[in-house]
Amino acid sequence: MTAPLLSGRLLFVVAAFAALALYPMVAGPYGLDLVTKIMIFAIFALSLELLVGGTGLVCFGHAAFFGIGAYATVLLTGERDAPSLLWLMPAGVICAGAYALAVGALSLRTKGVYFIMVTLAFAQMAYYVVHDTPLGGGTDGIYLMSPPSLAGLELGKALPMYGLTLGCLAGVFGLLAVVLRSRFGRALAGIRSNEQRMRATGFSTYPYKLAAFTLSGALAGLGGVLFAIKDGFVNPELLSWHQSGAVLIMVILGGIGHLRGALIGAFAFALLQELFKSEAVFGAFAKHWHLGLGLAIIVSVALLPRGLVGLPQAWRDRLVGRTARPVDAQPDADADAAPTRSATR
Amino acid sequence: MDLATFLIQCLNSVQYGLLLFLVASGLTLIFGIMGVINLAHGSFYMIGAYMAFALAPIVAATFGGGFFATLAVGVVLAVALGYVLEWVFFSFLYDREHLQQVLMTYGLILVFEELRSLLVGDDVHGVKAPPLLSGSLPLGELMTYPVYRLFMSAVCLALALGMYLVFTRTRLGMMIRAGSTNREMVQSLGIDIKFLYRIVFAAGVAIAVFAGMVAAPVSSVYPGMGNSVLIVCFVVVVIGGIGSIRGALVASLLIGVVDTFGKALVPEVAGVLVYVAMALILLWKPDGLFRAG
């Protein structure tokens, strides 16, 4: 990785966060709410990126952790009046993390596609628990009686909520950036490219994977806590496999193997949705917004093998000419980040 | 639960299991041989059911009609659809990461659902069983069992047997089995693997569409019906072992029994039983029951 490219990436992240910090000055209430929601999904997507891109584990049940964080927030608030976020948020995160620890301990025994399906199975179990038992309020969901407060700020209001979400997003991004560069993160990268070799060099890979899974679930739970506070309402759909699928799509769309990919993917996915839903642009056809979104996804797969993150690279290639560049800057990302590909291929 | 109810539940579970098998067999083939995680497979089931509804008047006008003529036309269309889809959307994806293909099939789901909504609308429809099969058989003193459901089971069984014979006894089956084990080796033996993939994909689509058409008179035709069947079929594929037709058959019958009896005996937790079964089986056998290759 050459130096200018690195600073370019850093510049992008700094500029993105600066833009997000300045956005409330120009935004109306609708835009503020939308971007808060997108940032929550960005936290959710980042937590999954730690597994998919960082460790090579494709989890198809991540919505369970998100939903458990959200449900824990609502259930723990109960009848309390404006509980303090200082204990509510850690409590929600711990609930999600504890479930992730249990699920990870069992499902990490399997590999590849089987792992994908086992995580889905555990997510479906959680879904049916909140859907069918009195605990979760059934299909109707439950309302958050009173939004929590933090140092005198009422988080039921749009602006403090925006600030809190942005702070959490920056914190999660920073945390993951540090984690992935630490010895622990390097070990995860080693597991992603060749687990057998890691074991041969003396790493017991299981605890590393379990730790990554638990951390990822806990961070997804953080997203869920924020979501419950923002919407003031939770329902079982938060845990459904559609949600797990959508967040996986965000990560893939943005580009696997890069933290900013999850960020870009979450924004691209949500903004595309808004675009195709808007009646101002598409008129009566906006009712069929899935069609536009689907076609946009298909086109992006066809044209962008490395996700949206690869876009500048693709443009550079177009300008300079394909042959002028030596080998791809990240050979291992292409060769090894295919966790579900069987060894015979 | 008396004997007659028990028998009916057994018949129901076999019929549901065999229907699942039809959808899941295409999924496991495409998965095991081409390595494509095809999320859009449920959409083909949905397309089949809508074909049974929408094609019937058209077929009636051109060929004089009939349920079986509709079935035949639908299957021909499905093969063409599968062939073209593989060509346009998948043929350039095999060298990419699997997750790119997942993204592609996710896009296809959205497109198919919306096209369906544009062409046929969002209403729930019923499809009549053909008059020849619309009666019911007496079972015990009070119960009856619809003939059409028996017919469904028989058709599914015949198709399963046919697939088994194609796989084990024909040259095509041999090439497909070889292709799932080692792609490069098959290619170097002079077999056009791309054409083979296209055939497998078209066959998988055709079987799923057929399953949808056959199921239409029993399950009614509604938006989103593909998604609900998709996840259960993935469960079947994984329990059976990826790429294994035999595994898919055993697993789908197992899921049929678990689901049907679960709904009858313990309706509160019926939804979760299928997933509990899968988790238990995978913790016991992490590669599924019958892993192919």
Among the residues of segment B:2-50, write down those that are outside any helix (DSSP H, G or I) and in contact with a helix residue (DSSP H, G or I) (Cβ under 6 Å, 6 or more places away or on another chain).
B:Val36, B:Ile37, B:Asn38, B:Leu39, B:Ala40
May I ask you to list the residues in segment B:87-113 that are assigned to a helix (DSSP H, G or I), more than 8 Å from every other protein chain (Cβ to nearest Cβ) and among the hydroxyl-bearing types (Ser, Thr, Tyr)?
B:Thr105
If I ask for residues that are out of contact with any Gly (no Cβ under 8 Å at 6 or more places or on another chain) and closer than 26 Å to A:Leu159 by Cα, which ones from segment A:203-226 would you list?
A:Leu219, A:Leu226
Where residues in segment A:81-97 are in contact (Cβ under 8 Å) with a residue 24 or more places away in the chain and within 19 Å of the chain's Cα centre (by Cα), which of them is surrounded by the fewest Cβ atoms within 10 Å (Cβ to Cβ)?
A:Ile94
Only one residue in A:Ala262, A:Ala228 is in contact with a Ser or Thr (Cβ under 6 Å, 6 or more places away or on another chain) and either among the small types (Gly, Ala, Ser) or at pLDDT 90 or above (or both). Which one?
A:Ala228
Could we say that B:Ala277 is in a helix (DSSP H, G or I) and within 30 Å of B:Glu184 (Cβ to Cβ) here?
no
Just to check your reading of the model, which residue among B:Leu99, B:Leu108, B:Leu93, B:Leu71 is without any contact (Cβ under 8 Å) to a residue 12 or more places away in the chain and surrounded by 18 or more Cβ atoms within 10 Å (Cβ to Cβ)?
B:Leu99
Mind checking which residues of segment A:98-129 are crowded, with 21+ Cβ neighbours inside 10 Å and either more than 11 Å from every other protein chain (Cβ to nearest Cβ) or basic (Lys, Arg) (or both)?
A:Tyr99, A:Ala100, A:Gly104
Top-ranked residue in segment A:248-261 [being under 18 Å from A:Arg192 (Cα atoms) and in a helix (DSSP H, G or I); ranked as nearest to the other protein chains (Cβ to nearest Cβ)]
A:Ile252
For segment A:84-125, name all the residues that are within 22 Å of A:Leu188 (Cβ to Cβ) and not hydrophobic (A, V, I, L, M, F, W, C).
A:Gly97, A:Tyr99, A:Gly104, A:Ser107, A:Arg109, A:Thr110, A:Lys111, A:Gly112, A:Tyr114, A:Thr119
Can you find a residue that is surrounded by fewer than 23 Cβ atoms within 10 Å (Cβ to Cβ), out of contact with any helix residue (DSSP H, G or I) (no Cβ under 6 Å at 6 or more places or on another chain), more than 11 Å from every other protein chain (Cβ to nearest Cβ) and basic (Lys, Arg) anywhere in segment B:254-277?
no
Out of all the residues in segment B:280-293, which are more than 7 Å from every other protein chain (Cβ to nearest Cβ) and not in a loop (DSSP other than H, G, I, E, B)?
B:Leu280, B:Ile281, B:Trp284
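The values are calculated or read from the model by the stated rules, or taken from the named source; none is laboratory data. This one's a predicted model, so the numbers in the text were calculated from it and none came from an experiment. Every residue, glycine among them, receives a Cβ derived from its backbone with ideal geometry; neighbour counts consider all protein chains shown.
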